[in-house]
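Single-structure report; data block below.
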Amino acid sequence: MTKIADKFNSQTTSQAYWRCAWRRLRRNKRGMAGLCFVIGMCLISLFSPLLATNQPIVCKYQGKWYFPAIVEIFQSRSTGVHWIKKSPPFNLPQFNAKKELDPEDLAIWPLIYYSEYEQTDDFLATPSAEHWLGTDDLGRDLAARIIHGTTISIKVGFVSVGIAAVIGILLGGLAGYWGGWVDIIISRIIEIIICFPVFFLILAIMVWLKPNIINVMIVIGLTRWTSIARYARGEFIRIKGQDYIIAARALGIRDSKIMFRHILPNALTPVLVSITFGIANAILVEAGLSWLGFGVQAPAPSWGNILRTAYETLRIAPHMMYPPCIAIFLAVMSYNLFGDALRDAIDPRLRSTT
């Protein structure tokens, strides 16, 4: 009964803590604005085939109903490639739905009826009703490429920081829990990596690898784990001296269970803040690598390589420079605003002032 009561009290205290943190977070208007923008980016990334594509969302063609853009969501996310496919003729590359569909046929088109790869005869066109943000040097719709570039940024941010979080939490936890020579070795490794400018370290590694999105995510993840490890190490050192951890050791509970079941959940609070800032840094690093030609390669859309194209045509098409710059700025700022608000909300020292 005592164990059940202690477990219930622990869960109640944890739930109350997070409710209080959420309440403080909601009071921060800038943090909530950043969170809303982050959620909006995720939704744009998820439903980008419904927002910008050259095929209709729903249409009736030759007496049959088709859903090509909806099917494209599953295919582009690699979640339904084997069990869901586009029906003919929409699965044929040479089929142009905008020309083949009769104007009298029922069709619901996306907001931007151009795909990110579709080329037109309007080269370097200025913003208009047809091309909201204009076109690039190959006649591709810039708004469509910005929308699909959001998917790249979201993927790079979450995957690379996920890799960094796994490495950082594991090494930081080992250093903080075991101490001694384990702590010394891991701490010296962290200090050595911190001595190098991260961006130049990433560039040095990318020189030896094929430039693509997978390598970009892996390299960013392998070089951005140090701050997460330092936070995890500090929290493990602090928590391992608590009474309930000492009691768990006295009861003979395995060290692995103490680390991952009792200490880790209570050590994640500052780590989450570091992860939020890490996503913003990863988006910025990916844009820089793509701008330099070491990141996402054309024709795949990325905010970085769109910005590179805009820089090359700056004198004759200055309108191309603003969309990717604004997108990168808003994405990084929104994550930083949310990270600042999250840090203030979960910091116990701020309870008396909120």
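Of the residues 315, 308, the single one that is part of a loop (DSSP other than H, G, I, E, B) and closer than 30 Å to residue 124 by Cα is 315. Residue count for segment 212-245, restricted to those that are buried (at least 22 other Cβ atoms within 10 Å of the Cβ), of a type in the set (Gly, Ala, Ser) and more than 30 Å from residue 302 (Cα to Cα): 1. Annotation note: of 216, 182, 166, the sole residue that is under 26 Å from residue 151 (Cα atoms), at pLDDT 90 or above and assigned by TED's automatic domain parsing to the domain that holds residue 299 is 166.
Considering each of 254, 233 in turn, give the residue that is within 27 Å of residue 18 (Cα to Cα), assigned by TED's automatic domain parsing to the domain that holds residue 330 and of a type in the set (Lys, Arg).
Details: 254 fails: within 27 Å of residue 18 (Cα to Cα).
Exactly one of 254, 233 is within 27 Å of residue 18 (Cα to Cα), assigned by TED's automatic domain parsing to the domain that holds residue 330 and of a type in the set (Lys, Arg), namely 233.
For segment 186-199, does any single residue satisfy the condition of being surrounded by fewer than 16 Cβ atoms within 10 Å (Cβ to Cβ) and within 18 Å of residue 273 (Cβ to Cβ)? The answer is no; no qualifying residue exists.
Okay, residues lined up against (1) touching a Phe, Trp or Tyr at 6+ places or on another chain (Cβ under 7 Å); (2) touching a residue at least 24 places away in the same chain (Cβ under 8 Å):
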site: 279; (1), (2): yes, yes
site: 282; (1), (2): no, yes
site: 292; (1), (2): no, yes
site: 295; (1), (2): no, yes
site: 299; (1), (2): yes, yes
site: 306; (1), (2): no, yes
site: 315; (1), (2): no, no
site: 318; (1), (2): no, no
site: 327; (1), (2): yes, yes
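Close Cβ contacts (under 8 Å, 6 or more residues apart or on different chains) running from residues in segment 12-31 that are not assigned by TED's automatic domain parsing to the domain that holds residue 272 to residues that are aliphatic (A, V, I, L, M) and at pLDDT 90 or above are absent.
For a quick check of your reading of the model, give me the residue pairs whose first member lies in segment 84-113 and is more than 17 Å from residue 49 (Cα to Cα), whose second is aromatic (Phe, Trp, Tyr) and assigned to a loop (DSSP other than H, G, I, E, B), with beta-carbon atoms closer than 6 Å and at least 6 apart or on different chains. Filtered contacts from segment 84-113: 89/95.
Looking across segment 123-160, the residues that are over 20 Å from residue 308 (Cα atoms) and either hydroxyl-bearing (Ser, Thr, Tyr) or at pLDDT 95 or above (or both) come down to 128, 160. State whether one or more residues within segment 153-167 are of a type in the set (Phe, Trp, Tyr), touching a helix residue (DSSP H, G or I) at 6+ places or on another chain (Cβ under 6 Å) and either crowded, with 18+ Cβ neighbours inside 10 Å or within 29 Å of residue 39 (Cβ to Cβ) (or both). No: segment 153-167 contains no residue that is of a type in the set (Phe, Trp, Tyr), touching a helix residue (DSSP H, G or I) at 6+ places or on another chain (Cβ under 6 Å) and either crowded, with 18+ Cβ neighbours inside 10 Å or within 29 Å of residue 39 (Cβ to Cβ) (or both). Regarding residue 254, is this residue over 30 Å from residue 233 (Cβ atoms) and charged (D, E, K, R)? Here the answer is no, as residue 254 does not meet what is asked.
Figure legend. Inter-residue proximity from segment 120-135: first residues closer than 15 Å to residue 318 by Cβ, second residues assigned to a loop (DSSP other than H, G, I, E, B) and hydroxyl-bearing (Ser, Thr, Tyr), beta-carbon distance below 7 Å, spacing 6+ or different chains. Indicated pairs: 124/313; 134/126; 135/120.
For segment 52-66, the count of residues that are closer than 30 Å to residue 334 by Cβ, crowded, with 18+ Cβ neighbours inside 10 Å, at pLDDT 85 or above and of a type in the set (A, V, I, L, M, F, W, C) is nonzero.
When you look at residue 274, is it surrounded by 21 or more Cβ atoms within 10 Å (Cβ to Cβ) and within 15 Å of residue 156 (Cβ to Cβ), yes or no?
On the way: surrounded by 21 or more Cβ atoms within 10 Å (Cβ to Cβ): yes; within 15 Å of residue 156 (Cβ to Cβ): no.
In short, no.
Regarding segment 235-248, can at least one residue be identified that is within 27 Å of residue 188 (Cβ to Cβ) and hydroxyl-bearing (Ser, Thr, Tyr)? No - not one qualifying residue is present in segment 235-248.
Residue-by-condition table, conditions (1) touching a residue at least 12 places away in the same chain (Cβ under 8 Å); (2) in contact with a Ser or Thr (Cβ under 8 Å, 6 or more places away or on another chain); (3) over 30 Å from residue 295 (Cα atoms):
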| residue | (1), (2), (3) |
| --- | --- |
| 179 | yes, no, yes |
| 184 | no, no, yes |
| 203 | yes, no, no |
| 217 | yes, yes, no |
| 227 | yes, yes, no |
| 233 | yes, yes, yes |
| 239 | yes, no, yes |
| 249 | no, no, yes |
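Checked across segment 316-329, the condition of being under 30 Å from residue 236 (Cα atoms) and buried (at least 19 other Cβ atoms within 10 Å of the Cβ) holds for no residue.
The values are calculated or read from the model by the stated rules, or taken from the named source; none is laboratory data. Bear in mind the structure is a predicted one, so any value in this text is a computation, not a measurement. Counting neighbours? That spans all protein chains shown, and the Cβs are built from the backbone with ideal geometry, glycine included.
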